[in-house]
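The values are calculated or read from the model by the stated rules, or taken from the named source; none is laboratory data. From a predicted model like this one, the values you see are computed outputs, not experimental measurements. Here the Cβ is made from the backbone with ideal geometry for all residues, glycine too, and neighbour counts use every protein chain on show.
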Amino acid sequence: EAAFDLIRTHGIRNAFLPPTALKLMRQMADAEDAGIRMRSVASGGETLGPELITWGQKALGVTINEFYGQTECNMIVSSCAALEPAEPGVMGFAVPGHEVAVIDPTTGQRMGIEAEGEIAVLAPDPVMFLEYFNKPEATADKFVEGPEGRWLKTGDRGVHTTSGRLRFIGRDDDVISSSGYRIGPSEIEDCLITHAAVQMAGVVGKPDPVRGEIVTAFIVLNEGYAASDTLADEIAAHVKAHLAAYEYPRVVRFLDAMPMTTTGKIIRRDLRQMATNEQTP
């Protein structure tokens with residue numbers, strides 16, 4: 001409510017709002033009737049799922065644009081609703097002036113369309129860092145030589161879609177390996193927040209002796225809902241009904257607060273530690 005009051009009081013027309021902030025704003029019951037009409041809203045830091053894009057169109061009067069980059073090479077992929085309709089679940093195109101591809105991180109070869117690999121940027125690039133200070137080995141590990149030149153590896157998994165856009169799957173260490181499937185947490189988290197009880201969701205892999213890992217969801221509930229085994233089963237069934245059978249969370253745990261960075265990103269390593277510390281059933 002404070003965010004909506006701030007926008008209304010000061011006549012804010014353009015804003016950058018991370019997905020976490022948007023998810024919290026989305027909890028305001030009458031947000032779509034608040035009369036807010038922004039000129040532009042950008043978001044980044046975490047994936048922006050179809051649910052938030054649809055909500056933004058109704059509550060903010062604009063299609064939210066998604067930005068992608070990292071400290072070492074920022075703002076290299078973007079959507080731009082003024083030029084192209086948003087493609088749900090997809091980040092956007094490489095920003096002009098940057099050569100962004102999905103590559104094999106070992107060989108530096110480009111992957112085919114819809115083939116998973118590591119998102120990378122061809123060097124040199126105007127927004128690319130030069131080196132890690134006094135860390136030559138870390139700098140060397142950040143790059144790989146390929147047929148086209150030297151690629152900066154982002155550490156993020158993704159695919160190039162048939163439309164030429166980039167779809168984010170997850171950080172390499174966040175991707176869950178379960179029964180031979182590689183599962184990105186973002187799509188599951190986006191599905192989870194469409195359940196009425198869910199305010200925030202974080203998904204990680206929990207070690208399992210049979211499947212390698214099992215999908216585990218950590219949930220912060222909306223007001224008016226109480227944690228229970230029945231609700232956990234209902235939330236898991238919600239995902240199973242909307243996504244592939246292997247993507248639904250076999251374990252659902254409830255938290256009072258989600259571990260977050262100061263920039264609004266879920267600290268998944270904390271969630272992985274919680275999951276690992278549990279005795280696997």
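To keep it simple, each residue is scored yes or no on (1) assigned to a helix (DSSP H, G or I); (2) in contact with a helix residue (DSSP H, G or I) (Cβ under 6 Å, 6 or more places away or on another chain); (3) modelled with pLDDT of 95 or more.
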residue	(1), (2), (3)
Thr154	no, no, yes
Ser186	yes, no, no
Glu189	yes, no, no
Phe218	no, yes, yes
Glu223	no, no, no
Ala232	yes, no, yes
Ala236	yes, no, yes
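Residues in the range 250-271 that are aliphatic (A, V, I, L, M), surrounded by 15 or more Cβ atoms within 10 Å (Cβ to Cβ) and within 24 Å of Gly212 (Cβ to Cβ): Val251, Val252, Ile266, Leu271.
Reported count of residues in the range 124-149, each being touching a residue at least 12 places away in the same chain (Cβ under 8 Å), surrounded by 14 or more Cβ atoms within 10 Å (Cβ to Cβ) and either of a type in the set (Gly, Ala, Ser) or out of contact with any His (no Cβ under 8 Å at 6 or more places or on another chain) (or both), is 6.
Each residue in the range 261-279 was checked for being among the charged types (D, E, K, R), within 16 Å of Arg171 (Cα to Cα) and part of a loop (DSSP other than H, G, I, E, B), and 1 of them qualify. Being within 19 Å of Met25 (Cα to Cα) and within 17 Å of the chain's Cα centre (by Cα) is the filter here; which residues of the range 225-275 pass it? Residues satisfying the conditions are Met258, Pro259, Met260, Thr261, Thr262, Thr263, Gly264, Lys265, Ile266. For the criterion of being farther than 30 Å from Ala201 by Cβ and buried (at least 19 other Cβ atoms within 10 Å of the Cβ), Ala101 passes.
For Gly44, the conditions (1) crowded, with 17+ Cβ neighbours inside 10 Å; (2) among the small types (Gly, Ala, Ser); (3) at pLDDT 90 or above; (4) under 19 Å from Ser78 (Cα atoms) all hold with the exception of (3).
Here Leu6 fulfils each of the conditions (1) in contact (Cβ under 8 Å) with a residue 12 or more places away in the chain; (2) among the hydrophobic types (A, V, I, L, M, F, W, C); (3) out of contact with any His (no Cβ under 7 Å at 6 or more places or on another chain) apart from (1). Restricting the range 161-184 to residues that are among the basic types (Lys, Arg) and either at pLDDT below 90 or in a loop (DSSP other than H, G, I, E, B) (or both), which is surrounded by the fewest Cβ atoms within 10 Å (Cβ to Cβ)? Only one residue tops the list, namely Arg182.
Residue-level check: of (1) part of a loop (DSSP other than H, G, I, E, B); (2) out of contact with any Ser or Thr (no Cβ under 7 Å at 6 or more places or on another chain); (3) crowded, with 18+ Cβ neighbours inside 10 Å; (4) aliphatic (A, V, I, L, M), Leu83 misses just (3).
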